[in-house]
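What follows is a set of notes on a single structure, which appears directly below.
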Amino acid sequence: MCAIASDEPAGLVKRGLRRPVEPKIRGDEIVWRCSLCESFEELADRIWRAKFLLLRPYPQPPRGELQWHSILQALGLELWLDDEDELVNHYRHGDWVLRINDADLTPVRRNGIFVPVIGFRFLPQHTPTVTQNGAQRIADLTELSERSQGAPYFGALRMDVDSLGRLFAEGLGGMASLSRLATFSRLLTVFFEGYLNEICRKVAPERLYLLYSGGDDLFAVGSWDAVIELAEKVRAEFRRYTCHNPCMTVSAGVSVHHDKFPLYQAAEIAKGYLEAAKNFEHPDGHEKDAFGFWGRIVDWDETQKWLRKWHDKLVEWLETRQATRALLFKLARIAELHEEIKRRLERKLELSQQEVERQLKFEKWRWRLVYTIAREKAELQSDLKGLQEDLVQRDFIRHLLLLTRWTELSTRR
């Protein structure tokens, strides 16, 4: 949704295609929107309610104000997103009617009118709602933020398939044909336009808003913890969908924001994290297939196994009072100390990366970690020793700051 600038071209107004911007009162706010912006809001409301897609040729010039509907009319197409009652009112003989997200081709019969259904179409329309004054409306970012576990923030998620152009150009090798390429494209569409609705319902039905999903990418917003879970679930389901083909991978970027943060800026920040993930090189040399987690790039397996495991464990300890938040803050300080030392060593240009890593292992963050863990409760020692081994021996210390930040947000009241 956008606001129209005050220097809007007068010609559009004179021809009746766009009426002048007029203020509207919504609660305690004054909202300025033109006819096109208002029509986009109406389109969003139609999409999540729609059960049918109606199409017909429109050979005439568009009439009335500039709206999403009239833009399609200018291209020679009239399109309606309808429920059953609206479909019966809009239908004319010869129209194409497709059922949305349902392969049922049963005709619609109502009030003596017969409407044939010629096919179906996937449409990503998963939308969280709020009931207000007996009517349903789309939940706004503030409401989605308040539904979060822990801190009341919203998250923005961008994901797409890695190296898709190369997959189309080289993936089928000498067996490439028009029908095989069309099948490949169609199967991607089934996942991103069809199955994504089901994944959102499984993860958090009233806390995720699927703004866009199609082709090979998606953009979703929602409660920040649900967005992270969605990224993990989409990656896991896509790997399963592609039979764990090592050439078929996805990357993602997630950003987290206060509920008043502009959505378009959140989308750009998440896109930046996604691009950083696509530039990630794994230790074994393969690229992409990574997660831009709040600006830090991590391997998917490390996210879904190590980070998720220890996040859930720390959250459980804090909520059951087996551990205090002091442990979390001490671990965060150890992570910050490690990064401070690493930056200082990296500024010494004569040191190689291997030498930096070697010296880091003997810096004071290590003995501080041992001391901190040794002072915790006896019943936690077994698990904490495992955490200590991961941080020191497996070099997961590089993820400790992200882990403590994630846990802190999840348990904030």
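Expressed as a whole percent, the proportion of Cα-Cα pairs in region 129-294 lying more than 27 Å apart is 29%.
A P(r) calculated from all alpha carbon pairs of the chain, with 10 Å bins opening at zero, reads 4, 17, 24, 24, 16, 9, 5, 1, 0 percent. Look at the dipole of the chain built from charges on Cβ: of 48, 220, 76, the Cα furthest out on the positive end belongs to 220. In units of the rule-of-thumb radius 2.2 N^0.38 Å, region 234-307 shows an alpha carbon radius of gyration of 1.18. Restricting to the chain, compute how many DSSP beta bridges are antiparallel as a %, nearest 5. Close to 90 percent. Pairs from the table (330/385; 330/377; 342/385) lying more than 19 angstrom apart at Cα are 342/385. How far is helix 224-241 tilted off the main Cα axis of the chain, in degrees rounded to 10, range 0 to 90? The helix 224-241 is inclined about 80 degrees to the chain.
Its alpha carbons considered, region 49-122 gives a radius of gyration followed by a Dmax of 12.7, 36 Å. Per residue, the chain reaches -13000 deg cm²/dmol at 222 nm when only DSSP H runs of four or more residues are counted, each adding -39500 (n - 2.57).
Restricting attention to region 129-294, the count of lysine pairs at 8 or more positions apart or across chains with alpha carbons under 26 Å apart stands at 8.
Against the chain, whose longest principal axis is taken from its Cα atoms, helix 325-346 shows a tilt of about 80°. Across the chain, the mean sequence separation of Cα contacts (distance under 8 Å, 6 or more residues apart), normalised by length, yields a relative contact order of 11 percent. Compared with the dominant principal axis of the Cα atoms in the chain, helix 400-410 is inclined by about 50°.
Here the spin labels are modelled as points 7 Å beyond Cα on the Cα-Cβ line, and at residue 393 and residue 114 they lie 7.5 nm apart.
The numbers here are math on the coordinates, done by the rules we state, and not lab data. Every value quoted in this text rests on a predicted model; they were computed, and no experiment measured them. All Cβ positions, glycine included, derive from the backbone under ideal geometry; neighbour counts span all protein chains shown.
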